[in-house]
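Trainee: If you scroll down you'll find the structure; I have some questions about it.
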Amino acid sequence: MTRDELRQKANDLPLAPGVYLMMDKTGKVIYVGKAKKLKNRVSQYFQENAGHNEKTKAMVSQVDHFDTIFVRTEFEALILENSLIKHHQPRYNILLKDDKGYPFVRLGKGPYPRFTLVGKMADDGARYFGPFGGRSETRMAIDAVCSALKLPTCRRQFPRDIGKERPCLNYHIGKCDGFCREDGPGEAVYQERMEQACRLFGGKLRQLTEELTAQMEQAAENLEFEAAAQLRDRVKALSVLGKQQQVIAGVCADTDVWGIYVGQVRCGCAVLHIEDGNLLGREVKVFPAAADEGEAEVLSAVLSQYYLHRSVLPREILLPVTWEDADTFAALLTGQAGHRVGLRVPQRGERVDLVAMAARNAREEVERITSDAERTSKTLEQLAALAGLAKPLHRMESYDISNLRSDDMVASMVVFQDGKPLKRDYRRFQIKTLTAPDDYAAMREVLTRRFRHYLDGDEKFAPLPDLLLIDGGEMHARAALEATASLGLDIPILGMVKDDRHRTRALVTVEGQELGIQHSPPLFALIGRVQEEVHRFAITYHRQKHSRSAYRSKLDGIPGLGEARKKALLKAFGTVRAVTEAEQSELAAVLPRNVAQAVYEHFHQA
């Protein structure tokens, strides 16, 4: 469908709640969204001069057609949107894509059921709890709950293996009550403990602790001290479970605190789980979505996917920002949880500090996961956009001229591959055609020679760069353009402009248009690094060449003094200056008498 056809179809939609699915030419779903009024929301995508962010622009450019599903209420739209996102995994949605990261705890059927970890729920008559955090953390949670209630975690099957073998190590160290023994606690106690474990996974830690405490006190009043001691130990284990075992923080928490961080490459969310003012644990998720998403949009998408399939919900959720459908979402969670779930954006006090802490956690995780290569890739995308490149920017070459006199003029070529120096491809040039300093003519000579080598098939000068960065302003860039154009090459060229303090200021095109780079610190730093590297390489070569020239001007041309005798003199006297100040007799100790006399007379002529 054309853009006009898409706009017309969107304008024909009713002002009703529903879900829309954007699809590309192949019919693949690339975005799923919900709306209170489908006509208003969908038509916004296809309006002229719409102020979309970069991700939305990219998505809309790929839309070939769209479908809609009408529902009765906003609640149904929320649930359906989440289900469709999970099913289609659209490219342009912010996704909690990794289902393996959200496992469930399954309790099987039978007289002695066991807890197991599964990837998703099934209609098999078993009981399911979750989803929880990562798979390893959930396994630790199962072990922690079973240890607190002294339930078996071994591979033995009951009642088949009761009394067949001696109890395992867990019984002897007090982590299990030995249900495998003939005189063990028995099925009734097992079922009672499993029900308590289920209440833990159902978020009833506080209630269960209060009940066991009451039973302990009653046993003590009845002088049943052994039973009271066992209940005391169990209460103590549950207390440790709630305050120290971060692996089931999501179950124990009555407050969740969310923080958002939008980085250069990706964004992330962190949730802190709080119970009675104590921080139990955290979860952090990083998304490879575009970093131009707003905080409210990220939060709305993430929270619906995080909470709508959970069996246990906190009573309070603290947020850094709110969004349009937040009240509807809170009402939906309240109906799902069976108790009121409040969404709040704190304005002052400790709650603001907690939200800030969550944001710091999100930032640290995003920056830790985001590699230097990804940051560099984003920076190169920005530079490619400035240079008007139609393809990704991988190879850059930069050139600089260094001179004090015409016979000492040199040029340097440095190469950056994917944002990093590629030193094996660095090249040095000695200016051969000039008799007087002329930076522009020198630049034309160097680039002509460099690309002539490439055109002649010299592999040391392959491949061609994607971009030329010339140290200097508009005229330097224009000289580079003249050289490449004369060889029939079309390579983008930018000059690197410095300020009065010789610091990188901006880029400039061959037409003289300055391109600001200070708005992007990573791009500014990259251009500065390239400019410093090409200048360093040029000045180092110039100094080496100038030193050799000075050495030749003082010792060259003396009759009888060849390379071997020069080395012998420098070895004996250390420096050229010491040679010029030596007496003839001292020189004769190193050189033949006639050569020593020639050296002495060379430096002591009237």
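The values are calculated or read from the model by the stated rules, or taken from the named source; none is laboratory data. No experiment lies behind these values; they were computed from the predicted model shown. Cβ atoms come from the backbone with ideal geometry, glycine included; neighbour counts cover every protein chain shown. Only protein heavy atoms, including side chains, enter the accessible area calculation; ligands, DNA and RNA are left aside. Shrake-Rupley method; radii C 1.70, N 1.55, O 1.52, S 1.80 Å.
Trainee: What does the net charge come to around residue 604 if you take all other residues with beta carbon closer than 12 Å to its beta carbon, with K and R at +1 and D and E at -1?
Mentor: Here the count lands on -3.
Trainee: Next up: Sum up the charges of everything whose Cβ sits under 14 Å from the Cβ of residue 156, counting Lys and Arg as +1 and Asp and Glu as -1, but leave residue 156 out.
Mentor: +2
Trainee: Let me check something: with ligands and nucleic acids excluded, how do 258, 323 order by accessible area (1.4 Å probe), largest to smallest?
Mentor: Ranked from most to least accessible, the order is 323, 258.
Trainee: Multiply the residue gap between residue 87 and residue 153 by 0.36 nm, knock off their C-alpha separation, and tell me the result in nm, one decimal place.
Mentor: Taking residue 87 through residue 153 to full extension adds about 20.3 nm, to one decimal.
Trainee: Under a Cβ-Cβ cut-off of 10 Å, what is the net charge of the residues other than residue 535 that fall near it, where Lys and Arg count +1 and Asp and Glu count -1?
Mentor: -2
Trainee: Using the Karplus equation 6.51 cos²θ - 1.76 cosθ + 1.60 (θ = phi - 60°), what ³J(HN,Hα) coupling, rounded to whole Hz, does each residue of the stretch 388-393 give in order, writing x for Gly and Pro?
Mentor: x, 6, 8, 10, x, 8
Trainee: Given the protein chains as shown and a 1.4 Å probe, how many square angstrom of residue 179 are accessible, to the nearest 10?
Mentor: The accessible area comes out at roughly 10 Å².
Trainee: Please list 476, 309 from largest to smallest accessible area, probe radius 1.4 Å, with all protein chains kept in place.
Mentor: 309, 476
Trainee: Say each of residue 166 and residue 436 gets a label point 7 Å from the Cα, pointing the same way as Cα to Cβ; how far apart are those two points in nm?
Mentor: 10.4
Trainee: Then there's this: Quick one: if the Förster radius is 60 Å, what FRET efficiency do residue 189 and residue 11 give, using the C-beta to C-beta distance and rounding to 0.05?
Mentor: In this case the efficiency is close to 0.35.
Trainee: Sequence-distant or interchain residues sharing an amide H contact under 5 Å with residue 506, placed H: which?
Mentor: When sequence neighbours closer than 5 places are left aside, the close amide H contacts are 497.
Trainee: For Cα Rg over 2.2 N^0.38 Å, which listed value, (i) 1.50; (ii) 1.42; (iii) 0.99, comes from the coordinates shown?
Mentor: (i)
Trainee: Would you mind telling me the antiparallel percentage of the DSSP bridges in the stretch 388-540, rounded to 5?
Mentor: 70
Trainee: Can you list which of the trypsin sites (Lys or Arg not before Pro) found in the stretch 381-485 are DSSP loop residues with at most 16 other C-beta atoms within 10 Å?
Mentor: Here the sparse-neighbourhood loop sites are 405, 432.
Trainee: Here is a further query. Of the heavy-atom accessible surface of the chain (probe 1.4 angstrom), what whole percent is carbon and sulfur?
Mentor: 49
Trainee: Counting each DSSP H run of 4 or more residues in the chain as -39500 (n - 2.57), what helix-only mean residue ellipticity at 222 nm follows after dividing by all residues, to the nearest 500 deg cm²/dmol?
Mentor: Mean residue ellipticity at 222 nm (helix-derived): -14500 deg cm²/dmol.
Trainee: Now for a separate question. Taking GluC sites (Glu not before Pro) as exposed when DSSP calls them loop (any state but H, G, I, E, B) and at most 13 other Cβ atoms lie within 10 Å, what is the longest stretch of the chain free of them, the sites themselves excluded?
Mentor: 325-510
Trainee: Kindly state, to the nearest 0.05, the FRET efficiency for residue 120 paired with residue 1, given R0 = 35 Å and r defined as their beta-carbon distance.
Mentor: Efficiency, rounded to the nearest 0.05: 0.45.
Trainee: State in Å² the accessible area per residue of the chain; use a 1.4 Å probe, count heavy atoms of protein chains only, and round to the nearest integer.
Mentor: Here the residues of the chain average 52 Å² of exposed surface.
Trainee: Here's a follow-up. Suppose R0 equals 41 Å. What FRET efficiency, 1/(1 + (r/R0)^6) with r the Cβ-Cβ distance, do residue 26 and residue 514 give to the nearest 0.05?
Mentor: The formula returns an efficiency of 0.45 here.
Trainee: Might you work out the accessible area of residue 369 for me, using a 1.4 Å probe with all protein chains in place, and round it to the nearest 10 Å²?
Mentor: Rounded to the nearest 10, that gives 70 Å².
Trainee: Right, here's the next one. In the structure shown, do any of 34/120; 120/236; 391/460 have a Cα-Cα gap over 28 Å, and if so which?
Mentor: Violating the 28 Å limit, Cα to Cα: 120/236.
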